[in-house]
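The values are calculated or read from the model by the stated rules, or taken from the named source; none is laboratory data. Fair warning: this is a prediction, and the values are worked out from it, not measured in the lab. Methodologically, a virtual Cβ is constructed for each residue, glycine included, from the backbone with ideal geometry; neighbour enumeration extends over all protein chains shown. Just the protein is used for accessible areas: all its heavy atoms, side chains included, with ligands, DNA and RNA removed. Shrake-Rupley method; radii C 1.70, N 1.55, O 1.52, S 1.80 Å.
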Amino acid sequence: MKKKTFLAMAAAAIMMTGCAGIGSSGGLLSGMDANSLGNIIVSVLGINKVPEATLLGTWNYSGPGCAFTSDNMLAKAGGEVAARKIEAELLPQYQKLGVNSGNTAFTFKEDKSFSAKLAGKSFGGTYTYDANTGAITFKTLLLSMNGYVKMTTNGISLLFESQKVLNVLQTLGAMSGNATAASIAELSKNYDGVRVGFNLKR
């Protein structure tokens, strides 16, 4: 998708729902649940920073996560609507990889160490986190990876460049065949300026 598409979607949302009618049953946002609407409002208002104290502890996978990188408010509003579509496309790919709430989790500790399971594959190392920007960097014996943490209505999203997610899954040997890898790779090509990853909750 191009940025013009995001802006068009955002403009359509405003025209069809109005500022006071963002939760109405008609228009572009119809059929979206309260969590999706909450994520749109959070993103538009910029209330998505996660304090470091909040980050600490264990977070369990609850579904694919997605966010757009644009700072433009209208693009963010349109982007979050489109993000639901991307998450829906990612879900069956994650399921093929065996990613579920029982085998995927991240634990962050005060000493800047972390442990994680991804589709049942365990790994760990250290992390650095900037609560002002949401930027997070993981370092393990196998890889170093930059990501981003954002607040959601149900917890947090841990997001990366889509190609980085693909690299991690391949490194951990979680890929269940070339078809799944190709599908995720195709998504990463189709959505420029998107971070994808995992929605997490306590």
Net lengthening on full extension, Ala185/Thr58 (0.36 nm per residue, minus Cα-Cα):
42.8 nm
FRET efficiency, Gln163 to Asp111 (Cβ-Cβ, R0 25 Å, nearest 0.05)
0.25
Rounded to the nearest whole Å², what accessible area per residue is found for the range 89-170 with the 1.4 Å probe?
47 Å²
What is the gain in length, in nm to one decimal, between Leu91 and Lys121 on full extension, counting 0.36 nm per residue of separation less the C-alpha to C-alpha distance?
8.9 nm
Could you give the length gained by full extension between Ala131 and Leu143, i.e. 0.36 nm per residue of separation minus their alpha carbon distance, to one decimal place?
2.1 nm
For labels at Ser101 and Lys201 in the simple 7 Å Cα→Cβ model, what's the distance in nm?
0.6 nm
